[in-house]
1. What does the C-alpha gyration tensor say about the overall shape of the stretch 43-195? Classify as rounded when a/c is under 1.5, otherwise prolate if a/b is larger than b/c, or oblate.
2. Sorted by packing (mean other beta-carbon atoms within 10 Å per residue), highest first, where do 75-82, 130-137 land?
3. For the stretch 38-186, what does the relative contact order come out to in percent, with C-alpha contacts under 8 Å and a separation of six or more?
4. So for the pair Asp102, Thr160, with labels modelled 7 Å out along Cα→Cβ, what separation do we get in nm?
Amino acid sequence: MDRREALRRTALIMGGAISAPVLVGIMKGCKAKPTLEGWKPTFLSEDQGLLISQVSEIIIPKTDTPGAKEAGVPGFIDQMLKEVYKKEDQDKFLNGLKAFSDEAAKKYGDPFTELDAAKQLEFVTEKHDAAVKEQKETKPAPERPFILNMKELTMLGFFTSQPGATQVLQYEAVPGAYKGCLPLSEAGNGKTWAT
């Protein structure tokens, strides 16, 4: 049974009188609130952790290699914020995170974490492209926007993780002997070195 049919039957049973909140609830449908998988934030709230988890996975999605979530990037970001960032930088990040979330809710009518994947990707792409354009065109460059800070943390967390350093980059703990002229296939097939 689809929503329209459920609404029609409910209206018939109740004599055609359905309150606005019930109507909105039926039209929106019931959907479970997304949850965190695999880690619990120690600095961020669970909602903030879920948001950075989803944004980081959009920045580095799972393909034939692990994505940001699978590489532990959300936990890395949480730990960096807690243990490395100064109080003022923590506040800037959290304010940027809140503004990002509020803007998504204003634009789409639902919190970012509850949007479908296409709308999430659209919003992150829109914010990223606007931030890059502003950074290039404004002299002196304005304060770095939240989405670029988020991208930097995501990439740092991913490429210093075990999957990022060994499956995406080539990794050798102690580089071996110098081999000057090798076929590309013997020199990592074009992968950059993990540092």
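Since every read-out is calculated from the coordinates, none of them should be taken as a lab result. Note that this is a predicted model, so its numbers are computed, not measured. Ideal geometry is used to build each Cβ from the backbone, glycine not excepted, and the neighbour counts take in all protein chains shown.
1. Verdict is prolate for the stretch 43-195.
2. Highest-to-lowest ranking by the protection proxy: 75-82, 130-137.
3. 28
4. 3.1
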